[in-house]
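Just so it is clear, none of the values below were taken in a lab; they were calculated from the coordinates. Note that the coordinates shown come from a computational prediction; the quantities given were computed from them, not determined experimentally. Backbone-built Cβ (ideal geometry, glycine too); neighbour counts: all protein chains shown.
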Amino acid sequence: MCPEKRVVMNADPVPKSTLPDWLKRGVRKFITLAVTTLLFGYFYGWASPWAFPRTSVAGFGRGALHGALLPLALPSLVLGKDVPIYAEQNLGRSYKMGYIVGINLCGLAFFGPLFWNPRRPVTGPKTTNSEKSR
């Protein structure tokens, strides 16, 4: 009988990236912010004519919509396009309350992905020094 011959192939290891992890995370977060900004800008261009009709008086619902669209208007305003950001004909207090709710919801949607870290470990309740000595 013939002894078995084993052939071992040395595969080149996959080269590791030379970039530090913090830089990779920063680039990923920047790309996420850029893509989110582009999507929001596109959405604002689509929704603006519908959201700001000239013939109706805006209440809480329209205020929330206008507040949500306010941060999305920034790229257009920076580029010199004069876009509406609030309704001149509104119901007053209820419109303003809706506007504030809309701004906060948009901020959550826009900045939430920047701070979301699914790999962050969940820690249990912290113990005090008196509990440790027992």
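Given segment 23-115, report the % of alpha carbon pairs whose separation exceeds 16 Å. Don't skip to the end; give the middle numbers.
On the way: 2426 of 4278 pairs.
Here the tail beyond 16 Å accounts for 57 percent of pairs.
Taking amide H positions as modeled 1.01 Å from N, with prolines and chain starts lacking one, the residues under 5 Å from residue 90 and 5 or more places away or on another chain are 58.
Could the peptides 90-97, 43-50 be put in order, highest first, of the mean number of other beta-carbon atoms found within 10 Å of their residues?
90-97, 43-50
Phi-derived couplings, Karplus 6.51 cos²θ - 1.76 cosθ + 1.60 at θ = phi - 60°, listed residue by residue for segment 57-69: 9, 8, x, 4, x, 5, x, 5, 5, 5, x, 5, 7 Hz, with x used for Gly and Pro.
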